[in-house]
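*Asks:* Have a look at this one.
Values quoted throughout were computed directly from the atomic coordinates according to the rules given, and no laboratory measurement underlies them. Bear in mind the structure is a predicted one, so any value in this text is a computation, not a measurement. With ideal geometry, Cβ positions are generated from the backbone for all residues, glycine too; neighbour counts draw on all protein chains shown.
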Amino acid sequence: MAKVTIITQRCKGCELCVESCPHGVIVMSKSLNDKGVHFAQPAMLEDCTGCALCAMMCPEVIIEVEK
Amino acid sequence: MTKVFTRPYSLKDVETHYCGGCGHGIVHRLIADAVDELGIRERVVGIAPVGCAVLAYDYFNFDVCEAAHGRAPAVATGMKRARPDLIIFAYQGDGDLAAIGMAEIIHAANRGENISVFFVNNAVYGMTGGQMAPTTMIGQKTETTPRGRLMEQEGSPIRVSELLAQFDGVKFVERCTITKPKNVNRTKAAITHALRMQIEGKGFGFVEILSPCPTYWGLQPRVAMKMIEERMIEVFPLGQLKDIEEKK
């Protein structure tokens, strides 16, 4: 199982990571961060293969992936 | 556990001012990654444009200089001739490079300066509020073409890569995009190749990157990425237009 860490306070909610994840590991939150946007957060980490496609597409480079 | 993806050292750990879903952040990361991989952080100098990426010097963890509007290739020429040991790249948008800076880029390319130019094409003026750029597509709505760009009135979009590829001084031209991980990797390879050619003294390298502007296209970021794939690639075909080191 891989580990995805997202700095949620810096997320701008563009959802490009959600779009790029082949296993639907990342979902948008229901709550808001300090910017007032729904942020991306890793859910269902047991499905994560650590491919890092989400991190590759993140314009803010706030996703870190460990495997 | 080992880290499979982490922020490159050449990219400062700060928040950018770009809108959500803007392509500049991804391109910044790719350049920083390439600089780290080539091990040239100590001797690379970037030149920021006037446009949305004007504050790029706050984000790169190496020396970055700011040039007057569109004059990045001229500044790069001066720097490279004065200090040939440095690796110089110009980072420009389409309003900067294809409009006000068209003369500078054409002559720098024609002279075959040993520099690299990264051209981020989002078909609109971002910083000034979404006006038509020279690269705006026919029919595309912007603030100054509210009914869509008309061929009869505003002309057709300028294909800068094709324009520059004809010069003998230009050694490498490639057009890429960042719509999905595959294309992001392709773009990174092109950026690395352009920088490596400069290190080896082979001459002028130009990489055009089709990038989304969700704010002024009026689209959600994921829809903006689809718009590049469905509409923009037709007008600006992807691929390598020139490379003196043909891959076998």
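*Asks:* Which of B:Phe62, B:Phe89 comes first, and how do the rest follow, when ranked by fewest Cβ neighbours within 10 Å?
*Replies:* B:Phe62, B:Phe89
*Asks:* Now, a different point. Averaging sequence separations of C-alpha pairs under 8 Å and six or more residues apart, then dividing by the length of segment B:24-243, give the relative contact order as a whole percent.
*Replies:* 19 percent
*Asks:* Take segment B:46-92, drop everything but the C-alpha atoms, weight them equally and run the Debye formula without solvent; then report log10 I(q)/I(0) at 0.20, 0.25, 0.28 Å⁻¹ to two decimals.
*Replies:* Taking Cα atoms of segment B:46-92 as identical point scatterers yields -0.57, -0.85, -1.01.
*Asks:* Take the alpha carbon gyration tensor of segment B:1-146, find the square roots of its eigenvalues, order them as a ≥ b ≥ c, and report rounded if a/c is under 1.5; if not, report prolate when a/b exceeds b/c, else oblate.
*Replies:* Oblate.
*Asks:* With charges set only on the Cβ (+1 for Lys and Arg, -1 for Asp and Glu), what does the dipole of chain B come to about its Cα centre, in debye to the nearest 20?
*Replies:* It comes to approximately 480 debye.
*Asks:* At a Förster radius of 51 Å, what calculated FRET efficiency corresponds to the Cβ-Cβ distance of B:Ser156 and A:Met1, to the nearest 0.05?
*Replies:* Rounded to the nearest 0.05, the efficiency is 0.45.
*Asks:* So what is the calculated 222 nm ellipticity per residue for chain B, using -39500 (n - 2.57) for each DSSP H run with n of 4 or more, over all residues, to the nearest 500 deg cm²/dmol?
*Replies:* -9000 deg cm²/dmol
*Asks:* Hey, another quick one. Starting with the fewest neighbours, write out A:His23, B:His193, B:His107 ranked by other beta-carbon atoms found within 10 Å of each beta-carbon.
*Replies:* A:His23, B:His107, B:His193
*Asks:* Under the rule of at least 5 residues apart or a separate chain, name every residue whose amide H is placed under 5 Å from the amide H of B:Phe206.
*Replies:* Answer set, sorted by chain and number: B:Val117, B:Phe172, B:Val173, B:Glu174.
*Asks:* With viscosity set to 1.567 mPa s and temperature to 4 °C, compute the Stokes-Einstein D of chain A, Rh being the Kirkwood radius across alpha carbon pairs; µm²/s, no decimals.
*Replies:* 112 µm²/s
*Asks:* Ok, one more. With +1 on each Lys and Arg Cβ and -1 on each Asp and Glu Cβ, how big is the dipole of the protein assembly as shown about its Cα centre, in debye rounded to the nearest 20?
*Replies:* Here the size comes out at about 220 debye.
*Asks:* Out of the GluC sites (Glu not before Pro) in segment B:135-205, which ones are loop residues according to DSSP with at most 14 other C-beta atoms within 10 Å?
*Replies:* Taking segment B:135-205 and a limit of 14 other Cβ atoms within 10 Å, the loop GluC sites (Glu not before Pro) found are B:Glu143, B:Glu200.
*Asks:* Rule-of-thumb check for the protein assembly as shown: C-alpha Rg over 2.2 N^0.38 Å?
*Replies:* Taking the Cα Rg and dividing by 2.2 N^0.38 Å, one obtains 0.98.
*Asks:* How much length would be gained if the chain were fully extended between B:Val235 and B:Met102, taking 0.36 nm per residue of separation minus their Cα-Cα distance, in nm to one decimal?
*Replies:* Length gained between B:Val235 and B:Met102: 45.9 nm.
*Asks:* In chain B, which whole DSSP H runs stretch at least 30 Å along their own axis (Cα) and average 0.0 or higher on the Kyte-Doolittle scale?
*Replies:* Within chain B not a single helix satisfies the rule.
*Asks:* Continuing with this model, one more query. In whole angstrom, note down how far apart the Cα centers of segment A:13-40 and segment B:1-51 are.
*Replies:* Between the Cα centres of segment A:13-40 and segment B:1-51 lies a distance of 22 Å.
*Asks:* Sticking with this structure for a sec: So who's got an amide H within less than 5 Å of the one on B:Val50, skipping anything under 5 residues away but keeping other chains? H placed 1.01 Å off N, in plane.
*Replies:* B:Gly70
*Asks:* Stretched out fully, how many nm does the piece from B:Gln166 to B:Glu246 gain, at 0.36 nm a residue minus the Cα gap?
*Replies:* 27.2 nm
*Asks:* No solvent, one uniform scatterer per C-alpha: report log10 I(q)/I(0) for chain B via the Debye equation at q = 0.16 1/Å, two decimals.
*Replies:* Summing over Cα pairs of chain B leads to -1.16.
*Asks:* Same structure, new question: Among the listed pairs A:Lys3/B:Lys188; A:Lys30/B:Lys3; B:Lys171/B:Lys202; A:Lys67/B:Lys3; B:Lys182/B:Lys226; A:Lys12/A:Lys35, give every one whose C-alpha distance is greater than 18 Å.
*Replies:* Table pairs above 18 Å Cα-Cα are A:Lys3/B:Lys188; A:Lys30/B:Lys3.
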